[in-house]
Amino acid sequence: MKPFLDARTLPHHTEIATDLAIIGGGPAGISLALALSNTPIRVLLLESGGMAFDARTQKLYRGTETGVAYLPLDATRLRYLGGSTNHWGGWCRPLDEDDFEKREWVAHSGWPFPRKTLEPYFARAQALCEAGPFLYDKLAAPAATMAPLLNLGAGGVYTSFFQFSQWKDNPQHLPTHFGERYAADLKQLANLTVMLHANVTGLRLAADANSLDHLDVATLSGKRFTVRARYAVVATGAIETARLLLASNDVMTTGVGNQNDRVGRYFADHAIPRDTATLVSFGGNLAPYYGNNAVAEDTHFRATFSPTQAFKRQRRVLGSLVTVEQQTKLDELATAAVSETSATLGVDASGATAYSLGCGIELMPDPDRRLTLAGERDALGMPRLELAMRISDDDFARYRETLRELGRQLLAARTGMIRLDCKTREEWLAVMDWGSHHLGTARMHDDPKQGVVDADSKVHGITNLFVAGSSVFPTYGSSNPTMNLVALVLRLADHMKGLFA
Ligand SMILES: Cc1cc2nc3c(=O)[nH]c(=O)nc-3n(C[C@H](O)[C@H](O)[C@H](O)COP(=O)(O)OP(=O)(O)OC[C@H]3O[C@@H](n4cnc5c(N)ncnc54)[C@H](O)[C@@H]3O)c2cc1C
């Protein structure tokens, strides 16, 4: 086994040559390195952190924010090998077909290719995330044998299923932490060198601005050195990817790939306001796989509620998911409403049970929800970021429309009812949380005027620079990003193999 290198032990001003430099050792960078094993491509993976959390390194992620309250930029991600999977929730679900389509009611929507382009990579991505066999909505049948599904009747909302990453052989049943889980595999790869404590601080272009010439790398111990690679892939997460591209502004003064002022724009996350509504089940307790994870068919799963693609089209809403959270007590007014409604419907609701509902909302792509460079610099001299966070009333209204449909269906099926607990923008913002699913800052588009990378994830206008991760997602869907971004990385690995063939 080849040990990982520590960049702090290199002589000052070292020059390293390699075929491919991967910048960042989160799930994107690690999956790419693993997928390029058994190839003649010499790969160097440069990771800012070490094998564990370090406060000084984490501080490099600090930034400032304006607008709607968001998570602090140094708290919403982790900067060491494995990246944010060191504390992710492990929720997995593939994007829907319409997440890739141009939806005329969703401005700037549409990927350059359909879902079927990514489908061949889903099973391997699922395996890397250790989320069990690729089943998702096929889990409805095995779940029903455990306990009945809540009858939603017909309509625009259906019971959807998430699967969970489950770190193999981990006694604490945690989701897979990519760094720790794959460290031994990475050390086995003859064509790979992993260098820890190596911060890429600049993507330096050739004088004609058409290709990457070299990378500037720095350590917090004061070392500076250079990496020359035939190709490089930026895999630093959607926030840091924008920072690295924007801050590399010596040759292209607006930043690498930013000739059309797209880098850092369209930043998104899944809005997850807590306790947005209450669901009453007339028949009593819901099956345990609604509010908690359950196990069937060798996978951990959970049932949620999602709008159908037809409903999204008809009502011009975006993707969302409704989660069942804790059991809750109804106040007097709500108890009276349940008695009255159930009596009108002619059902026995004497054992009715109430649950608070959570959600994950797909935001409308917004070019002005963006990251820009701030004046302050970090310990390595890199400019910090400022996030301008925005969320529109329309995003809330569209989600409410989906909740109302769920309520209508429950009443029609005579199985339950819904109460909307958050009615105004202020109420939503007061309970707002975020998924830490950073998306969209280097979006993929065939037209360089509308995107930063092309359909192969190559930066427009630069021959040898690529971006990996959910920063390239042009539209986001409501599925959690990691399994999907790993699938996209595996596709990129195939493209890379072609470049070196
Ligand atoms: C609390 C939390 C819960 C989450 N839950 C889920 C979930 O349930 N499901 C889901 O799908 N997703 C979840 N996510 C999101 C998930 O963690 C990310 O989608 C995923 O980690 C992104 O992978 P990445 O490799 O693109 O970026 P990251 O994980 O951010 O990795 C980037 C890597 O690059 C390194 N790096 C950064 N800058 C530099 C530099 N200049 N030079 C060298 N290296 C650098 C970092 O140290 C890091 O290791 C969650 C995130 C958080 C924070």
Query - Answer from THR76, THR85 - the residue that is within 16 Å of the ligand (Cβ to nearest atom) and touching a Pro at 6+ places or on another chain (Cβ under 7 Å) - result: THR85
Query raised in the report: Can you name the residue in the stretch 377-400 that is at pLDDT 95 or above and open to solvent by 50 Å² or more (accessible area, probe 1.4 Å) and, of all such residues, is farthest from the ligand (Cβ to nearest atom)?
Result: ARG390
Query - LEU490 within 16 Å of the ligand (Cβ to nearest atom) and over 14 Å from ARG230 (Cα atoms) - result: yes
**Report entry** Scan of the stretch 4-35 for residues that are more than 13 Å from ALA232 (Cα to Cα) and of a type in the set (Val, Ile, Thr), ordered by number
**Finding:** THR9, THR14, ILE16, ILE30
Report summary line: For the stretch 446-459, the count of residues that are buried (at least 21 other Cβ atoms within 10 Å of the Cβ) and assigned to a loop (DSSP other than H, G, I, E, B) equals 3
**Report entry** Criterion violated by LEU220 - all others in (1) open to solvent by 10 Å² or more (accessible area, probe 1.4 Å); (2) aliphatic (A, V, I, L, M); (3) away from the ligand (no atom under 14 Å from the Cβ) satisfied
**Finding:** (3)
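Considering every residue within the stretch 125-148, establish whether at least one is acidic (Asp, Glu) and closer than 23 Å to VAL295 by Cβ.
The answer is yes, given that some residue of the stretch 125-148 is acidic (Asp, Glu) and closer than 23 Å to VAL295 by Cβ.
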Query raised in the report: Any residue at all in the stretch 142-156 that is away from the ligand (no atom under 16 Å from the Cβ) and under 23 Å from the mean Cα position of the chain (by Cα)?
Result: no
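The values are calculated or read from the model by the stated rules, or taken from the named source; none is laboratory data. The structure displayed is predicted, hence computed values, not measured ones. Positions of Cβ are backbone-derived with ideal geometry, glycine not excepted, and every protein chain shown enters the neighbour counts. Please note that ligands, DNA and RNA were not included when accessible areas were found on the heavy atoms of the full protein model with its side chains. Shrake-Rupley method; radii C 1.70, N 1.55, O 1.52, S 1.80 Å.
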